[in-house]
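Asker: Before I ask anything, here is the structure I am working with.
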Amino acid sequence: MPGGEKGAAEKRDLKEAVRTIVLTQGNAFIKELLRKHKIQIGTNKADFSKNLHAAIDEGTLTRPMIEEWLSEVEGWGNQHIYLFEPPKLAIGEIKDKLVGSNFAELIGTAVSYAFPEQLELSAIALAADHLSIAWHKGTGGWERTPSKDFQRADDDDGEVYKYNAYRERFDRAVVRFAWRFADAYCAIMIQVPIEGDSHRDVHALILNDLKHIGIFENDPIRIPLSEAFKAMTLKHDTVVQSTRMMTDGGHLDVVSTLSEGGIADVRALREARRGVDDKSFAGTDGMFHFLQDQHAGLSRSVKVQGYGLESRVRVWVQCKREDVYQVLDVIWANT
Amino acid sequence: MSEAELRDAFGNELVDALLTQIASGDTPALNPEIFAAALNLDGAKVSDFLEAAAEGGLIERREELHCPRCEELLTEETAARELCPSCKEAFGDHGGVRRRAVYKLKVGKTRDIAWLIAIHGFNTLGPWQQEFSWRMATKLKYSAPVLIYKYGLIRFSVLVRWRHRALARQLGNSLRTAIEHVKANRISEPPDLILHSFGSQLFVQMLALPEFDDLRFGRVIAAGSVIRPDYDWTQRIQQGRVEAVFNHCGGRDWAVPFAQFFIPETGPGARQGFVDPAAINVMDRDYRHSSCFHIAELESNLARGGLWDRFLRGSLAPPAFEGERFHPKSWHPIWRPIRGLVRILGVALIAVIATGALTFVSAVWLKLLACLGWEVIG
């Protein structure tokens with residue numbers, strides 16, 4: 001452990017990272033960090049904060065521990081994932097391309113602590129089997145907190161006023177280019193809401209940086225996922241809550257309203273789905289639940305929405321890196 | 001409230017409709033409005049009935065929690081928070097967490113018929129197969145192809161083993177081609193089978209051939225079966241070769257008891273039933289060897305709630321077929337020397353009959369030729 005002033009500054013920085021980054025992650029994941037390092041856990045964010053600060057002071061929680069955990073948790077889940085054909089670049093040339101780019105100093109940066117106002121490339125991890133490039137953007141805002149609302153009679157005009165409370169929230173969006181060399185696809189993962197052209201702008205920025213580095217020469221080709229989602233709606237490896245099948249001039253929705261279960265649990269819906277000639281519907285979307293008891297490796301059950309024509313997969317919950325890849329593996333196996 | 005009390009309070013129609021719904025396994029949850037609409041009954045009465053049925057334990061009432069804004073289903077834990085985890089809006093700003101009653105049914109897992117294969121018996125070309133295919137096509141509102149498998153009209157060749165093996169190999173090759181074809185057309189499930197008489201024996205012989213170990217099958221209905229009653233179905237199920245077996249027996253099937261004497265490796269499966277507890281044996285006392293395939297019986301067995309319909313599409317977990325199935329005691333084939341003797345006598349008898357018939361036909365033919373010859377000369 002570094003000692004003296006340097007050590008105190010390091011602990012201060014770490015505590016700031018806990019406040020702004022660590023505590024914004026899901027409770028289940030924070031508990032996992034505490035449990036893994038045998039730190040007292042607690043039940044809510046206030047407990048976690050107190051225990052994390054104490055562990056940093058005692059030196060039982062260090063920067064490498066937090067960074068290892070953050071790299072598995074932050075930016076995974078609650079995101080939109082687009083699949084593309086992988087770059088044509090030879091694996092052995094990647095490092096040279098990175099070194100020769102404007103981002104050379106970021107190579108080996110596992111986690112960034114920055115909250116930039118605009119999305120900017122902030123971390124690059126190159127390993128023997130994958131390349132991960134991350135962009136960050138501060139997205140803090142105000143979160144409604146009704147428990148802090150109050151009413152007050154104004155002394156001046158005698159009227160009663162109601163005040164709605166908002167709590168300041170620190171958050172940041174992570175956008176990631178992820179390429180596992182063994183896969184027949186690479187992915188752009190975006191933690192930005194899809195509003196208007198927001199994703200188009202993000203894609204433009206990312207591709208601009210990737211082309212500058214030399215990962216891509218031209219825009220990569222999206223991999224259509226409609227066939228995969230069609231196949232998944234006929235199988236039982238996920239709980240299929242709904243599917244929309246699109247053709248020129250219309251679409252067909254099959255939706256289960258069951259809280260536990262999906263289309264497969266309702267005979268009429270199952271038979272309706274079977275009655276569809278898949279070949280007549282070029283586009284398919286679907287809502288799928290990947291349950292932990294069906295997919296042993298998942299750290300939690302994962303709700304996923306697939307948009308076939310857009311090659312987009314939306315993960316509705318925060319989860320871990322391995323969870324996201326397990327979901328993508330299942331989808332890919334159906335393409 | 002007991003079932004009898006429910007009947008007194010709400011009438012038989014509602015109680016019977018609910019019991020039918022549970023037995024069908026069509027859905028694990030009831031929507032009171034849709035249930036009322038299906039019965040053309042007053043919604044309030046149906047709601048009261050479902051509440052009473054839940055109190056009596058016939059169904060389970062659960063309360064679901066939903067976000068008032070985005071309708072996201074909430075757990076007790078997330079509902080206790082201020083904001084919806086999905087839309088991030090405060091529950092309180094939209095009237096608070098919404099509670100909704102849901103009625104859960106205790107149902108088994110049902111399944112769909114993906115596609116079927118029908119195999120006929122010997123000494124026939126199996127005209128029932130076309131009728132069966134037609135009934136299935138009109139019964140289901142989606143496409144479940146029926147492969148009508150015909151191996152030709154065979155009679156005396158059922159007596160010899162080598163011919164069985166050749167036919168079983170031919171069957172396996174055809175089924176493999178069919179399975180590959182449906183897979184290419186997005187049907188990934190294995191086929192269900194309807195087997196009649198010697199067709200059932202060909203099927204189990206094909207299962208025994210190692211070259212077809214990769215072929216997997218769904219639920220199997222055997223009617224008029226000549227498979228040995230001590231056939232090890234459990235092993236086949238554990239191997240994943242078949243999912244389940246339904247043996248439709250006939251009390252007046254006088255053909256199958258003779259099978260073991262003349263057709264090698266067979267037995268009276270359709271009279272005795274299968275001893276293996278994994279098989280579902282159901283006896284119809286009035287059925288003869290092919291009664292299952294008479295149109296009225298075919299319609300009745302395939303109708304919603306009929307024996308074959310329940311076997312092919314329903315849950316097989318207890319209490320399925322309780323009170324209908326029977327478990328035969330152990331079965332032993334007739335002592336081999338006796339079977340051998342009967343077989344020799346039978347074959348000899350057939351040979352004598354065949355020789356006699358041939359002699360008779362030849363004599364008639366020669367006589368005809370002689371008459372024609374006299375006419376020409378004359």
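Asker: Just checking, does the stretch A:75-85 include any residue being among the acidic types (Asp, Glu) and within 19 Å of the chain's Cα centre (by Cα)?
Answerer: no
Asker: Listed residues B:Ser300, B:Ser315, B:Ser362, B:Ser330; which is open to solvent by less than 100 Å² (accessible area, probe 1.4 Å) and within 14 Å of another protein chain (Cβ to nearest Cβ)?
Answerer: Among B:Ser300, B:Ser315, B:Ser362, B:Ser330, only B:Ser315 is open to solvent by less than 100 Å² (accessible area, probe 1.4 Å) and within 14 Å of another protein chain (Cβ to nearest Cβ).
Asker: Further question: What is the one condition in (1) out of contact with any Leu (no Cβ under 7 Å at 6 or more places or on another chain); (2) within 14 Å of another protein chain (Cβ to nearest Cβ) that B:Met136 does not satisfy?
Answerer: B:Met136 satisfies every listed condition except (1).
Asker: Okay, next question. Assuming A:Phe281 fulfils every condition listed in (1) in contact (Cβ under 8 Å) with a residue 40 or more places away in the chain; (2) open to solvent by 20 Å² or more (accessible area, probe 1.4 Å); (3) under 22 Å from B:Leu74 (Cα atoms); (4) not acidic (Asp, Glu) apart from one, which condition is it?
Answerer: For A:Phe281, the exception is condition (3).
Asker: Would you pick out the residues in the stretch A:127-167 that are assigned to a strand (DSSP E or B), open to solvent by 60 Å² or more (accessible area, probe 1.4 Å) and within 25 Å of A:Glu67 (Cβ to Cβ)?
Answerer: A:Lys137
Asker: Pick out the one residue from A:Leu14, A:Leu61 that is outside the structural domain of A:His130 (by TED's automatic domain parsing), under 20 Å from A:Phe170 (Cβ atoms), touching a residue at least 40 places away in the same chain (Cβ under 8 Å) and not in a helix (DSSP H, G or I).
Answerer: Result: A:Leu61 is the single residue among A:Leu14, A:Leu61 that is outside the structural domain of A:His130 (by TED's automatic domain parsing), under 20 Å from A:Phe170 (Cβ atoms), touching a residue at least 40 places away in the same chain (Cβ under 8 Å) and not in a helix (DSSP H, G or I).
Asker: Give the residue that is nearest to B:Pro318 (Cα to Cα), with candidates limited to residues of the stretch B:1-36 that are within 14 Å of chain A (Cβ to nearest Cβ) and open to solvent by 50 Å² or more (accessible area, probe 1.4 Å).
Answerer: Within the stretch B:1-36, the first condition is being within 14 Å of chain A (Cβ to nearest Cβ), and the residues that meet it are B:20-35.
Still in the list and also open to solvent by 50 Å² or more (accessible area, probe 1.4 Å): B:20, B:23, B:31, B:33-34.
Values: B:Thr20: 16, B:Ala23: 12, B:Asn31: 26, B:Glu33: 30, B:Ile34: 28 Å.
It comes out as B:Ala23.
To keep it simple, each residue is scored yes or no on (1) closer than 25 Å to B:Ser300 by Cα; (2) surrounded by 18 or more Cβ atoms within 10 Å (Cβ to Cβ); (3) of a type in the set (Gly, Ala, Ser).
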| residue | (1), (2), (3) |
| --- | --- |
| B:Arg98 | no, no, no |
| B:Tyr103 | no, yes, no |
| B:Lys106 | no, no, no |
| B:Lys109 | yes, no, no |
| B:Ala114 | yes, yes, yes |
| B:Gly121 | yes, yes, yes |
| B:Pro127 | yes, no, no |
| B:Ala137 | yes, no, yes |
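Asker: Now a separate question. So which residues in the stretch B:55-105 are β-branched (Val, Ile, Thr), assigned to a loop (DSSP other than H, G, I, E, B) and closer than 30 Å to B:Ser2 by Cα, if there are any at all?
Answerer: Matches in the stretch B:55-105: B:Ile59 only.
Asker: Sticking with this structure for a sec: Can you tell me which residue is nearest to the other protein chains (Cβ to nearest Cβ) among those in the stretch A:277-294 that are hydrophobic (A, V, I, L, M, F, W, C) and in contact with a helix residue (DSSP H, G or I) (Cβ under 9 Å, 6 or more places away or on another chain)?
Answerer: The initial filter retains those residues of the stretch A:277-294 that are hydrophobic (A, V, I, L, M, F, W, C), namely A:281-282, A:287-288, A:290-291.
The next check asks that each one be in contact with a helix residue (DSSP H, G or I) (Cβ under 9 Å, 6 or more places away or on another chain); those that pass are A:281-282, A:288, A:290.
Details: A:Phe281: 12, A:Ala282: 15, A:Phe288: 16, A:Phe290: 16 Å.
This residue is A:Phe281.
Condition check ((1) open to solvent by 30 Å² or more (accessible area, probe 1.4 Å); (2) assigned to a loop (DSSP other than H, G, I, E, B); (3) modelled with pLDDT of 85 or more; (4) closer than 30 Å to A:Tyr185 by Cβ) across all residues:
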{"residue": "A:Met1", "(1), (2), (3), (4)": "yes, yes, no, no"}
{"residue": "A:Glu10", "(1), (2), (3), (4)": "yes, no, no, no"}
{"residue": "A:Ile30", "(1), (2), (3), (4)": "no, no, yes, no"}
{"residue": "A:Leu52", "(1), (2), (3), (4)": "no, no, yes, no"}
{"residue": "A:Leu70", "(1), (2), (3), (4)": "no, no, no, yes"}
{"residue": "A:Ile81", "(1), (2), (3), (4)": "no, no, yes, yes"}
{"residue": "A:Pro87", "(1), (2), (3), (4)": "no, yes, yes, yes"}
{"residue": "A:Glu105", "(1), (2), (3), (4)": "yes, no, yes, yes"}
{"residue": "A:Val111", "(1), (2), (3), (4)": "no, yes, no, yes"}
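Asker: So, of the residues in the stretch A:168-187 that are part of a loop (DSSP other than H, G, I, E, B) and away from chain B (no Cβ under 14 Å), which turns out to be modelled with the lowest pLDDT?
Answerer: So the residue we want is A:Phe170.
Asker: Any residue at all in the stretch B:108-130 that's more than 15 Å from the chain's Cα centre (by Cα), part of a loop (DSSP other than H, G, I, E, B) and under 30 Å from A:Arg270 (Cβ atoms)?
Answerer: For the stretch B:108-130, residues more than 15 Å from the chain's Cα centre (by Cα), part of a loop (DSSP other than H, G, I, E, B) and under 30 Å from A:Arg270 (Cβ atoms): present.
Asker: So, one more: Is at least one residue of the stretch B:141-154 away from every other protein chain (no Cβ under 14 Å), at pLDDT 90 or above and open to solvent by 70 Å² or more (accessible area, probe 1.4 Å)?
Answerer: Yes, the stretch B:141-154 contains at least one residue that is away from every other protein chain (no Cβ under 14 Å), at pLDDT 90 or above and open to solvent by 70 Å² or more (accessible area, probe 1.4 Å).
Asker: Continuing with this model, one more query. Among the numbered criteria (1) buried (at least 24 other Cβ atoms within 10 Å of the Cβ); (2) modelled with pLDDT of 95 or more; (3) out of contact with any Leu (no Cβ under 9 Å at 6 or more places or on another chain), which single criterion is violated by B:Asp232?
Answerer: (1)
Asker: Moving on to the next point. State the number of residues belonging to the stretch B:63-104 that are in contact with a Ser or Thr (Cβ under 7 Å, 6 or more places away or on another chain) and more than 10 Å from chain A (Cβ to nearest Cβ).
Answerer: Residues meeting the conditions: 2.
Asker: Shifting gears a bit: Could you count how many residues in the stretch A:295-328 are within 14 Å of chain B (Cβ to nearest Cβ) and either assigned to a loop (DSSP other than H, G, I, E, B) or of a type in the set (Ser, Thr, Tyr) (or both)?
Answerer: 3
The values are calculated or read from the model by the stated rules, or taken from the named source; none is laboratory data. Note that the coordinates shown come from a computational prediction; the quantities given were computed from them, not determined experimentally. As a convention, Cβ positions derive from the backbone with ideal geometry for all residues, glycine included, and neighbour counts pool all protein chains shown. When the accessible area is computed, the model is the full protein with side chains, heavy atoms only, and any ligands, DNA or RNA have been set aside. Shrake-Rupley method; radii C 1.70, N 1.55, O 1.52, S 1.80 Å.
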